[in-house]
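Derivation of every value follows stated rules applied to the coordinates shown; laboratory data play no part. Fair warning: this is a prediction, and the values are worked out from it, not measured in the lab. Here the Cβ is made from the backbone with ideal geometry for all residues, glycine too, and neighbour counts use every protein chain on show.
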Amino acid sequence: MKVTITVNGRETSAEVEDRTLLVHYLRDVLNLTATNIGCDTTTCGACTVLLDGEAVKSCTVLAAQADGREVTTVEGLAAEDGTMHPVQKAFHENHGLQCGFCTPGMVMAAVSLLKENPRPTEEQVRAGLEGNLCRCTGYHNIVKAVLAAAEETA
Amino acid sequence: MSVLGTRVVRIEDPRLLTTGATYVDDLRIPQLAGAAFVTYVRSPLAHARITGIDVSAAAEAPGVVAVFTANDLDDVPPPPADNPLAEPLLAKDVVRYVGEPVAMVITETRAQGEDAAELVAVDYEPLPAVVDVEEAVKDEVLLFPEAGTNIVAPNGPEEFDDAPFEACEVVIERTFRNQRVAPVPMEVRSAAAAWDGERVTVWSSNQNAQTTRAIIAGGLGVEPDKVRVITPDVGGGFGAKIGVDRDTVLVAWAARRLNRAVRWTETRSESLIAMQHGRAQVHKVKLGGNRDGKILAYRIDFMQDGGAYPRVGPLLANFTTLMAPAVYEIPTVQIRSKVVLTNTTPVGAYRGAGRPEATATIERLVDIFAAEIGMDPAEVRRRNLIPADKFPYTTPTGLVYDSGEYVKALDRVLEAAGYAELRAEQERRRAAGDTKVLGIGLSSYVEVTALDFPNGETGRVVIGRDGSATVYTGSHTQGQGHATSWAMIVQDQLGIPMDKVTVIHGDTDAIPVGTGTYASRSLQVGGIAVHECAVKIKEKARELAARELEADPNDLVLDTATGSWHVQGVPGTKLDWARLAELAGEEGLTADVHFKPSRPTFPFGAHLAVVEVDTETGQVRLLRHISLDDAGPLINPIIAEGQRHGGIAQGVAQALYEEMAYDAEGNPITANLADYPMISAAELPSFELLTMETPTDVNPLGVKGIGEAGTIGATPAVQNAVVDALSHLGVRHIEMPATPERVWKAINEARGSEKRAAQ
Amino acid sequence: MIPATFTYRRAESVDEAIELAGQYGEDAKFLAGGHSLLPLMKLRLAQPEVLVDIGRLRDLSYIRDQGDHVAIGALTRHHDLATSELLAEQLPLLHHAAGTIGDPQVRHRGTIGGSLAHADPAGDLPAVVLALEATLVARGPSGSREIPATEFFRGLFESALEPGELLTEIRVPKPAARGWSFQKFTKRAIDWAIVGVAVQGDRIGLVNMGEKPVRATAVEQALASGASIRDAAEHAADGLSPASDVHASAEYRAQLARVLVRRGLEEARARA
């Protein structure tokens, strides 16, 4: 079937198998490889993107379900001139990433979290990121980064 | 002022945060255009004879390029005849663990691979499977009948001498399990290969490209110079990606057989059962001491579960043996070990690799001893820790601990935690009959880093005509921030700003000789190699500048603030690095170092964990975790802290949550990420880190390794805290992971025996 | 990781959804948020030949105060339940429980209709609608019908829905007894409940205490005959066969049920 999805502000279209997952559409059809696949049980959140502005796990959304919708990946977060989004900046300044594999999904989940709760407590940040696993950081600096981003944007 | 020791944000980050890193599965390069996809067919049984494989249905499925089994591997070196335990590429005749690769399906698309793999029909004749080391050691079910035993690398005395224990007032004997866990790097195993004539390029997610090249060359029966390994970004390794295993060698082989590029990325469910596991030891321990708190004798007789093939099992057992006495001065130490094969996934290095096991066991035992003699566990430690004036300290296992302040580390942690207040709160809750009780757990630890120090590490620095520096390092980051740290070292020594320093790693054509990143070795070998390169370049530059400025080399001054040279007293005339590179002419301004330290180093520390246990449900909540991890001077505190955080999280996870469990038939029952309880941010608090920097004399910067220390210190502190929470109920030990059900059972048993005692 | 091949059809209306389902019969499954079905399909534990996507039927997403009850469209997402001020005020049990399902990403996709139709005894919402004595409205080829929640869950992953029927609305009566509690016991925050308890007044729904979501009838009877909370809660596991699995033994689940029922009733009482 043909799907048409606006990704990072650009309309994209392709003929795909009905069973194509959104994450594979992004990675293999559009070659937007920042969004990663870390599991097969909808657990790890490395594949998190924004679908119509809300964080979803793109491994558990069919491209067909995103047809006609808007998707934002981490590649679409920074401004046109390259200025990083406050969440990206906060991750950088607070050492919120090490190997970087969970990072795109973590950043998108954080963007969505702050959209819905601009002034979260530490506990709310931790609960809000329960769908995003990281093996490197122990989450300490990720939480710090999200709180810092909240401070800057609220 | 030096940049070393300052908090510098990472130069790696902007790329990782905006366009994303490039892991093997992300590669979209011409050499891999049109690459076919590899999907493995794996054994669903723990132990079975393969009686037949029918690939006909699979071969006819849409998009299938080829289906291979062991019978097709006729162009690789046969397994060594003198090694009955050799691990094949594809299983032939026998499968020995669930997940062992049996066939490979090559297809045009990923999805077709999953479809076709289901159609490969393998006939198995099940064999009895042995899953526990205590059973496997009996040699009743043999994994390798030709070998005649499941026991590998037995080490230690036939008989133990009991006399030292007979002299003790208190003797404690226990069996502890350090449970099997899965490393779970966020990026699973992945590889791609493309041949160009006689030469293959293999892109692989690994921790040491040069060793990976050797493994692939050996596996295919070609000379190493016929193999180029390129490691792009790696999404975590933790020991599981040291070298590569059969799955990756087969990718290179398939590309050769098909004369076509192929690529492979496993699924997480595959990874959990087919990527090597960690830990998996059973310890029989005996501790003897007196009521004054002095430990006089310690015996550890342990088995390392090797899994189905003895990869690095013997090494792990060796590390545990070496570090068994840990931080204590113990007059008699007795150690025996063996690796035992079982019908499970092979066990390999996992963050700490043998050292967490050694520390977890003795720290548990020290607490049990403390409870037995009614002494505060901190006090027992104080009375037995190697005192500061005894360094360098030679251990009963022959290691020389370089430097340490074990008592100071413990005292600082106790103070930062507010130990007395915590004990008071614990008492208050007990007296009030609170169902939610508080537990305080300690650990003191020492760890060995760069144990393979004779391998050293390579470094090469080239100054460009634009004044930039390119660093070629044998170190091999999987997230540890080497690019930033090595750039800091270059800036510190040469005054070339970090944003003009490029660090290259992971390509065996660019760096033919190198060792890699594991064993917390990189800074003290790879970083020092870069440091030594910079020192050499400084001396070359001094000569060049002296000649150019017609001065005595001793009068040349390098101003690292501006990255320029001038003659002492004549600051007006400067030479910058660009000019010096030019002056170096054809030869260039470069340095090559293969730095081999003389000894390993010994970071150390103390952890304190505070847990709350709900005595009605057994639920454990980690409230606070305070740690002091001393790895000598900090080059970049931000990076060191990040390593500690990650290590602590993994340590906590092992104590409370994670276990790679098998049923009696050898089926893994925590075989996907929904069932294998890797923790999220919601399970952890923020950590409280203390800083102490006790240098080593082994290298010019005085640095040790920090990568695995957090894991080693954290696990026993948390396990001890859980037991401590319930000590008033008579609980003396709870095995890991201290799941709610395990904790609840322990409470019940204690209350039950209390009732029985009262009757 | 990748589902087996299937044909995707998208329904633009409830009628079309029913028509498509009828056309394909047993080979077809409805796709709402997809967070019960797609994970199964990705592991190839479910391999429907046709998916009828009903996720665009926006007119099935609503939360309305209908006087004596609240009407909730079957395609209302967990996120919308968890952020609804109306629910926070009128049905705090449902409001709170919806906010504990999975994680934020899952809650942006999963729907109440999808969760209930999936009939997973480990799911949170079945126990909640049991405790709230909701009525489920289904529509199929032969028209609409109302099914009391207590008759909706037939067995393991088995609901009362006939082939070709889909849920359209969940009607929840505004409870007379206002005290409520939701006790969800998990190892990790993201996990399914090892055991969960939904309390509304003296009505108790149990999560993961057997093959299907059930009411704690023994406890309710004890309370009705005047037992104290402490005594009544002792009956939490009576007549039930919770599973033993990788997460917990049956014995431990029974113990958890007793403790959580007691805590749930105490909390509900305090809120009344």
Exercise. Any chance you could list P(r) for the range B:600-759, counting all Cα-Cα pairs in 5 angstrom bins from zero, rounded to whole %?
Key: 2, 9, 16, 17, 15, 13, 11, 8, 5, 3, 1, 1, 0, 0
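What average number of partner chain Cβ atoms lie no more than 10 Å from the Cβ of the residues making up B:667-679?
Details: counts 0, 0, 2, 2, 1, 6, 8, 11, 6, 4, 7, 8, 10.
Shielding by partners across B:667-679 averages 5.
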Exercise. Mind ranking B:614-625, C:2-13, B:101-112 by how tightly packed they are, going by the mean number of other C-beta atoms within 10 angstrom, highest first?
Key: B:101-112, B:614-625, C:2-13
Exercise. Provide the three semi-axes, in whole Å and in decreasing order, of the ellipsoid equivalent to the range B:1-155 as defined by the square roots of 5 times the Cα gyration tensor eigenvalues.
Key: 38, 29, 14
Practice problem: Among the lysines, select those whose C-alpha is under 24 Å from the C-alpha of B:LYS286, and discard any that sit fewer than 8 residues away in the same chain. | Solution: B:LYS138, B:LYS294, B:LYS338
Practice problem: Would you kindly compute the Cα radius of gyration of chain C and its largest Cα-Cα separation (Dmax), both in Å? | Solution: 18.3, 57
Quiz item: Over what distance in Å are the Cα centres of the range C:119-135 and the range B:186-219 separated?
Solution: 52 Å
Quiz item: Can you pull the mean other chain C-beta count within 10 Å for peptide A:145-153?
Solution: 0
Exercise. Using the 2.2 N^0.38 Å rule of thumb for compact globular proteins, work out how the range B:156-314 stacks up: its C-alpha Rg over that value, please.
Key: 1.50
Exercise. Please find the FRET efficiency linking B:ARG756 to B:LYS284, where r is the Cβ-Cβ separation and R0 is fixed at 25 Å, and quote it to the nearest 0.05.
Key: 0.35
Quiz item: If you look at just the Cα atoms of the range C:180-271, how large are its Rg and its Dmax in Å?
Solution: 12.2, 38
Practice problem: Would you mind computing, in nm to one decimal, how far apart the modelled labels at B:ASN259 and B:ARG423 are, each placed 7 Å from Cα along Cα→Cβ? | Solution: 7.8 nm
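Taking neighbour counts of Cβ atoms within 10 Å as a proxy for exposure, in what order, fewest first, do B:GLU658, B:GLU135, A:GLU123 appear? Write down the numbers at each step before the final one.
On the way: B:GLU658 25, B:GLU135 16, A:GLU123 11.
Least to most surrounded, the residues fall as A:GLU123, B:GLU135, B:GLU658.
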Exercise. Determine how many Å³ per residue the convex hull of the Cα atoms of chain B encloses.
Key: 177 Å³
Quiz item: To two decimal places, what compactness ratio does the range B:106-153 give when its Cα radius of gyration is scaled by 2.2 N^0.38 Å?
Solution: 1.86
Exercise. Take the Cα atoms of the range C:119-209, find their three principal axes, and give me the spread along each one in whole Å, biggest first.
Key: 43, 30, 18
Quiz item: Just for the Cα atoms in the range B:577-640, what are the lengths along the principal axes, largest first, rounded to whole Å?
Solution: 77, 29, 18
Quiz item: How many lysine pairs are close in chain C, with Cα atoms under 25 Å apart and the two 8 or more places apart or on different chains?
Solution: 8
Quiz item: Expressed as a whole number of Å, what is the distance separating the alpha-carbon centroids of the range A:60-99 and the range C:182-250?
Solution: 42 Å
Quiz item: At q = 0.14, 0.15, 0.20, 0.22 Å⁻¹, what log₁₀ I(q)/I(0) does a Debye calculation on the Cα points of the range B:453-595 give, no solvent, two decimals?
Solution: -0.62, -0.69, -1.09, -1.26
Self-check item: Coarse-grained scattering of the range C:47-122 at q = 0.19, 0.20, 0.22 Å⁻¹, given as base-10 log I(q)/I(0) from a Debye sum over alpha-carbon atoms
Solution: -0.82, -0.89, -1.05
Quiz item: Between B:GLU688 and B:ASP196, what is the spin-label point distance in nm, taking each point 7 Å from the Cα along the Cα→C-beta axis?
Solution: 5.7 nm
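Across every pair of different alpha-carbon atoms, what Kirkwood hydrodynamic radius in Å does the range B:1-89 reach? Mind dumping the intermediate values first?
Details: mean 1/r = 0.0521 Å⁻¹.
Value: 19.2 Å, from the Cα pair sum.
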Quiz prompt | Quotient of Cα Rg and 2.2 N^0.38 Å for the range B:276-326, N being how many residues it contains | solution = 1.42
Quiz item: Label B:ASP509 and C:GLU89 with points 7 Å out from Cα along Cα→Cβ: what is the distance between them in nm?
Solution: 7.0 nm
Practice problem: State which helices in chain B qualify, where a helix is a whole DSSP H run, it must extend 15 Å or more along its own axis by its Cα atoms, and its mean Kyte-Doolittle hydropathy must be at least 0.0. | Solution: B:209-220, B:246-258, B:313-323, B:355-373, B:406-417, B:482-494, B:637-656, B:709-725
Self-check item: FRET E, pair A:LYS2, B:THR397, Förster distance 51 Å, beta-carbon r, rounded to 0.05
Solution: 0.15
Quiz prompt | Convex hull of the range C:60-173 built on C-alpha atoms - directionally averaged projected area, nm² | solution = 6.4 nm²
Self-check item: Among A:THR83, A:THR103, A:THR72: highest mean-square fluctuation, GNM of chain A, C-alpha pairs under 10 Å
Solution: A:THR83
Practice problem: Report the FRET efficiency, 1/(1 + (r/R0)^6), for B:ARG465 and C:LEU43, where r is their Cβ-Cβ distance and R0 is 41 Å, rounded to 0.05. | Solution: 0.15
Quiz item: Taking only the alpha-carbon atoms of the range A:86-153, what semi-axes of the equivalent ellipsoid follow from 5 times the gyration tensor eigenvalues under a square root, in whole Å, largest first?
Solution: 16, 13, 10
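Starting from 0.36 nm per residue, how many nanometres of slack lie between B:GLU749 and B:ASP292 once their C-alpha separation is accounted for? Numbers along the way, then the final one.
Details: separation 457, 0.36 × 457 = 164.52 nm, distance 3.01 nm.
Contour length minus Cα-Cα distance gives 161.5 nm.
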Quiz item: Setting aside same-chain residues fewer than 8 positions from B:LYS596, which lysines have a Cα under 18 Å from its Cα?
Solution: B:LYS536, B:LYS704
Quiz prompt | Kirkwood Rh, Cα atoms: Rg over Rh of chain A | solution = 0.97
Quiz item: Taking the Cα atoms only, what angle lies between the long axis of helix C:250-271 and the longest principal axis of chain C, rounded to 10 degrees?
Solution: 80 degrees
Practice problem: Partner chain Cβ atoms within 10 Å, averaged over the residues of B:183-191 - can you pull that number for me? | Solution: 5
Practice problem: Just the Kirkwood number for the protein assembly as shown, please: inverse of mean 1/r across all distinct Cα pairs, in Å, one decimal. | Solution: 31.7 Å
